[in-house]
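Visitor: Here's a structure for you.
The numbers here are math on the coordinates, done by the rules we state, and not lab data. Since this is a predicted model, take the numbers as computed values, not measurements. Glycine also receives a Cβ, built like all others from the backbone with ideal geometry; neighbour counts cover every protein chain displayed.
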Ligand SMILES: [Zn+2]
Ligand SMILES: [Zn+2]
């Protein structure tokens, strides 16, 4: 397989011990198979139902899928300011430029923190409601 960006031969590499990915030794981008983006995200945040939808505002690029040669589609990642590429036609996977894997992890970590905070607020609110309830009961 060749790099969709610079056409160098992709090499097989272990990614943080999570999985094996195809990396470009030249531009440092990487190809993730269709389930590997999810595995990357799960390293930081594994609540799939709280991640939101993955693909927004797709545009066709002039890069081609290293598997099938069809044009890759660029999309906005989960409404964040990050754009990734995917093979929409063959569902072969995703192309991440150098450093974009770290952006994905950073976004997922932030998301996990937000969700924890939301949970804390909800627990606090429930406790407040309970207290109010007690006060009303005493007032009677
Ligand atoms: Zn490359
Ligand atoms: Zn493809």
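Visitor: Determine, for 135, 18, the number of other Cβ atoms within 10 Å of each Cβ, and report the residues in order from fewest to most.
Guide: Arranged by neighbour count, lowest to highest, 135, 18 become 135, 18.
Visitor: Right, something else. Provide 16, 5 in ascending order of the number of other Cβ atoms located within 10 Å of each residue's Cβ, fewest first.
Guide: Sorted ascending by nearby Cβ count, the order is 16, 5.
Visitor: Between residue 79 and residue 55, what is the label-to-label distance in nm when each label sits 7 Å out along the Cα-to-Cβ direction?
Guide: Simple spin-label model gives 1.9 nm for this pair.
Visitor: Still on this structure, please answer the following. Could you give P(r) for the chain, binned at 10 Å from zero, as whole percent values over all Cα-Cα pairs?
Guide: Pair shares across the bins are 11, 35, 26, 10, 8, 6, 3, 1.
Visitor: Set the Förster radius R0 to 22 Å, insert the Cβ-Cβ distance between residue 47 and residue 27 as r into 1/(1 + (r/R0)^6), and round the FRET efficiency to 0.05.
Guide: Plugging the Cβ-Cβ distance into 1/(1 + (r/R0)^6) gives 0.10.
Visitor: Quick one: check the C-alpha center-to-center distance for the stretch 4-28 versus the stretch 95-111, whole angstrom.
Guide: 16 Å
Visitor: Also: By how many nm would the segment from residue 133 to residue 88 lengthen if fully extended, with 0.36 nm per residue of separation less the alpha-carbon distance?
Guide: Roughly 10.8 nm would be gained on extension.
Visitor: Here is a follow-up. Mean separation of Cα pairs under 8 Å and 6+ residues apart, divided by the residue count of the stretch 11-115: what relative contact order is that in percent?
Guide: Once normalised by length, the contact order is 27 percent.
Visitor: Please give the FRET efficiency for residue 20 paired with residue 119, using the beta carbon to beta carbon distance and R0 = 30 Å, rounded to the nearest 0.05.
Guide: E between residue 20 and residue 119, to the nearest 0.05, is 0.30.
Visitor: Continuing with the same structure: Of 54, 63, 86, which is the most mobile in a GNM of the chain whose springs link Cα atoms less than 10 angstrom apart?
Guide: Judging by the Gaussian network model, the answer is 54.
Visitor: What do you get for the angle between helix 100-139 and the principal long axis of the chain? Use alpha-carbon atoms, 0 to 90 degrees, nearest ten.
Guide: 10 degrees
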